[in-house]
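Enquirer: First the structure, then my questions, so here it is.
The values are calculated or read from the model by the stated rules, or taken from the named source; none is laboratory data. Remember, it's a predicted structure, so these values are computed and weren't measured experimentally. Every residue, glycine as well, gets a Cβ built from its backbone with ideal geometry; the counts of neighbours run over all protein chains shown. The protein model used for the area step is the full one, side chains on, heavy atoms only, and it has no ligands, DNA or RNA in it. Shrake-Rupley method; radii C 1.70, N 1.55, O 1.52, S 1.80 Å.
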Amino acid sequence: MDDFEALASFAPDDEWRAALQRAPRRFFIPEVAWASPDQWIDKRADPHAWAAAVADDRPIVTQINDGDTPLTVEAVQRTTEYTCSCSAPSVVFACLHALDLHAHHRVLEIGTGTGWTAGLLAARLGDAKVTSIEVDSTLAGIAAANLDRAGLSPRLVVGDGAGGWSDGAPFDRVHATCGVRSVPGAWIAQTRPGGTIVVPLAAEFGTGLITRLDVIDDGTAVGRFVQEAWYMRMRAQRIVRTEWPWESDLDGEISTTRLDPRTIAAVNGGAAGVWLSAHLRNVDVLSWAPDPEGLIVHWLLESGLRAESWAAVDYRPGAAHFEVEQYGPRRLWDETEAAYVGWLRAGRPSLERLGITVTAGEVQRFWLDSPDHLIT
Ligand SMILES: C[S@@+](CC[C@H](N)C(=O)[O-])C[C@H]1O[C@@H](n2cnc3c(N)ncnc32)[C@H](O)[C@@H]1O
């Protein structure tokens, strides 16, 4: 079975199936790559394994560390910084479906990567209606060659997609294929009122959420969550940290909590993740199990270069109260506990009931059931 036959079932309709036939995934995967989560593929050494991975519903990593480290099996196993991949086909098509394309639409993609999504868009709409922007010029060059193999030539721009591409605005659809903590105002400004933005929102307490936003004529965008999916973050919005609190000798304020910290550690996306992200902006969550006796330290870290606040909560087996240490101007554990209890008090609302409004000033507000019922 070739990759078209294997992947056709992910295409939501006949038009997308035709686009897939024109832009098959195999044209966009390099000869050596890392098929997530655990397989090194090498087309020359094992063409069958390579073809099977291409035809599988897995992301395929094609770059690490912004290309500063060559992609080798040893390097990819050492790093956590995947910086380009050809996303899993089911997720690619879920996003394309959410775009709700019509033949006349002009589309801007942010994050060309391998060029596969741009190729599918160009096969569906025609080259002239598709622009894709990529921050990394090496990746953009590879994408152009991949697209050429499929006989496709959408406009490829090298630049920082956080600013969109004003020369081509307004667009009917904007599709980001890198994750964002906050939706750049430029994307809203460059989308025609009534148009749609599909973007992976990289929520702080979770895996990431494919979000579909409709642009209103007052420069705001209102949206709901399509499904969970993790995407690598847009360069400017990555977590940047040069110091870790456990490496410093700063002492925080000590208190205790009865809420089991593992409850928060287990929040991984979903409605609770959105609720916590909505209340605690710019916080990263880490859990650390330093000893075999069962001690788990649960860290909450304010993110960003100048971030000061942190909290550490120790889970000890059998304890009725758990020790909390909090440092800095924010009390991150108190904020987290209050937000989690708020979600429980609201009756554990599901993901389908939550939504987001973004203004051109990049203020993001989350709501329950309808945009006039803000939760933050
Ligand atoms: C998951 S990959 C995109 C996959 C791609 N759509 C495909 O079909 O292969 C994310 C891409 O976003 C790019 N990227 C990250 N930050 C960016 C930015 N600020 N502007 C444009 N592209 C960016 C990365 O270099 C990477 O190629």
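Enquirer: In what order, largest first, do W165, W246 sit by accessible area if the probe radius is 1.4 Å?
Expert: My answer, sorted largest first, is W246, W165.
Enquirer: Something else about it: Provide the per-residue ³J(HN,Hα) series for the stretch 32-48, in order, calculated from phi with Karplus coefficients 6.51, -1.76, 1.60 and θ = phi - 60°, each as a whole number of Hz, with x at glycine and proline positions.
Expert: 10, 6, 10, 7, 5, x, 8, 10, 7, 10, 9, 4, 6, 6, 8, x, 6
Enquirer: Calculate the FRET efficiency for L286 and V158 from the Cβ-Cβ distance with a Förster distance of 41 Å, rounded to the nearest 0.05. Spell out each step's value before the answer.
Expert: Numbers: r = 34 Å, r/R0 = 0.84.
About 0.75, to the nearest 0.05.
Enquirer: Let me ask something else about it. Ranked highest first by the average count of other Cβ atoms within 10 Å around their residues, in what order do 181-187, 343-349, 134-140 fall? Can you show the working numbers first?
Expert: On the way: 181-187: 21.3, 343-349: 12.6, 134-140: 19.0.
Ranking, from highest mean packing down: 181-187, 134-140, 343-349.
Enquirer: Among V157, A145, A123, whose Cα sits farthest toward the positive end of the charge dipole of the chain (+1 at Cβ of Lys/Arg, -1 at Cβ of Asp/Glu, about the Cα centre)?
Expert: Most positive-ward Cα: A123.
Enquirer: Something else about it: Quote the charge dipole size of the chain about the Cα centre in Debye, to the nearest 20; the model charges only the Cβ of Lys and Arg (+1) and of Asp and Glu (-1). Provide the component values of the computation, followed by the final result.
Expert: On the way: 33 positive and 51 negative charges, 197 e Å.
Around 940 debye, computed over the chain.
Enquirer: Rolling a 1.4 Å sphere over the protein heavy atoms, what is the accessible area per residue of the chain, to the nearest Å²?
Expert: Working: 16760 Å² over 376 residues.
Value returned for the chain: 45 Å² of accessible area per residue.
Enquirer: Let me ask something else. Against the longest principal axis of the chain, how steep is helix 116-125, in degrees 0 to 90 to the nearest 10, with axes from Cα atoms?
Expert: 50
Enquirer: Okay, next question. For the stretch 211-279, state which GluC sites (Glu not before Pro) are in a DSSP loop and have at most 14 other beta carbons lying within 10 Å of their beta carbon. Intermediate results must be reported in sequence, preceding the final value.
Expert: Details: sites: E228, E243, E247, E253; in loops: E243.
Taking the stretch 211-279 and a limit of 14 other Cβ atoms within 10 Å, the loop GluC sites (Glu not before Pro) found are E243.
Enquirer: Peptides 91-97, 280-286: what's the order by average Cβ count within 10 Å, highest mean first? Walk me through the numbers on the way to the answer.
Expert: Working: 91-97: 21.6, 280-286: 17.3.
Final packing ranking: 91-97, 280-286.
Enquirer: So, one more: Taking loop as defined by DSSP and a crowding limit of 14 other beta carbons within 10 Å, which GluC sites (Glu not before Pro) in the stretch 302-376 fit?
Expert: On the way: sites: E302, E308, E323, E325, E335, E337, E352, E362; in loops: E308, E362.
When the GluC sites (Glu not before Pro) of the stretch 302-376 are filtered for loop state and at most 14 Cβ neighbours within 10 Å, E308, E362 remain.
Enquirer: Which of these, S85, S309, S277, has the largest mean-square fluctuation under a Gaussian network model of the chain (Cα springs below 10 Å)?
Expert: Comparing S85, S309, S277 in a Gaussian network model of the chain, the most mobile one is S309.
Enquirer: Using a 1.4 angstrom probe on the protein heavy atoms only, line up I254, I216, I197 by accessible area, largest first. Don't jump to the answer; show the numbers that get you there.
Expert: Numbers: I254 95, I216 70, I197 0 Å².
Greatest to least solvent exposure: I254, I216, I197.
Enquirer: Under 20 Å from a point 7 Å along the Cα-to-Cβ line of D167: which residues of the stretch 87-111 have their amide N that close?
Expert: Correct set: 106-111.
Enquirer: Obtain the nm distance between the two label points defined at Q77 and M1 by a simple spin-label model: each point lies 7 Å from its Cα along the Cα-to-C-beta direction.
Expert: Simple spin-label model gives 3.0 nm for this pair.
Enquirer: Write down the percent of antiparallel bridges among all DSSP beta bridges whose residues are both part of the chain, to the nearest 5. Display every interim value, and only then the final one.
Expert: Values: 54 of 72 bridges.
If we restrict to bridges inside the chain, about 75 percent are antiparallel.
Enquirer: Looking at the square roots a ≥ b ≥ c of the eigenvalues of the Cα gyration tensor of the stretch 294-376, which shape do they give, rounded for a/c under 1.5, prolate if a/b is larger than b/c, or oblate? Please report the intermediate quantities before stating the final value.
Expert: Working: a/c = 3.13, a/b = 1.51, b/c = 2.07.
It is oblate, given that a/c is not under 1.5 and a/b is not larger than b/c.
Enquirer: At 7 Å along the Cα-to-beta-carbon direction for both D14 and D334, put a label point, then send me their distance in nm to one decimal.
Expert: It works out to 6.3 nm between the two label points.
Enquirer: Tell me which of A94, G208, Q63 sits at the most positive position along the dipole axis of the chain, charges placed on C-beta atoms (Lys, Arg +1; Asp, Glu -1).
Expert: The listed residue farthest towards the positive side: A94.
Enquirer: For a quick protection proxy, order the peptides 48-57, 7-16, 202-211, 287-296 by their average other-Cβ count within 10 Å, most packed first. Can you show the working numbers first?
Expert: Working: 48-57: 17.6, 7-16: 15.5, 202-211: 22.3, 287-296: 11.3.
Per-residue Cβ counts within 10 Å, averaged per peptide and sorted highest first, yield 202-211, 48-57, 7-16, 287-296.
Enquirer: What residues qualify as long-range amide H neighbours of D42, i.e. H under 5 Å apart, gap of 5 or more or another chain, H built at 1.01 Å from N?
Expert: Excluding prolines and chain starts, which carry no amide H, the hits are W50.
Enquirer: Quick one: if the Förster radius is 51 Å, what FRET efficiency do D249 and H48 give, using the C-beta to C-beta distance and rounding to 0.05?
Expert: Values: r = 55 Å, r/R0 = 1.09.
E between D249 and H48, to the nearest 0.05, is 0.40.
Enquirer: Please give the Cα centre distance for the stretch 313-365 versus the stretch 119-156, rounded to the nearest Å.
Expert: Each part's Cα centre sits 41 Å from the other's.
Enquirer: Could you work out how far helix 270-279 tilts from the main Cα principal axis of the chain, as a 0 to 90 degree angle to the nearest 10?
Expert: Here the helix axis deviates by roughly 70 degrees.
Enquirer: Given R₀ = 30 Å, what would the calculated FRET efficiency be for A319 paired with Q237, taking r from the Cβ atoms and rounding to 0.05?
Expert: With a Förster radius of 30 Å, E is 0.20.
Enquirer: Still on this structure, I have one more. Of the residues H279, H105, H321, which exhibits the maximal mean-square fluctuation in a Gaussian network model of the chain defined by a 10 Å Cα contact cut-off?
Expert: H321
Enquirer: Would you mind telling me the share, in percent, of accessible area of the chain contributed by carbon and sulfur at probe 1.4 angstrom? It would help to have the intermediate numbers written out before the result.
Expert: Details: 8330 of 16760 Å².
Here it works out to 50 percent.
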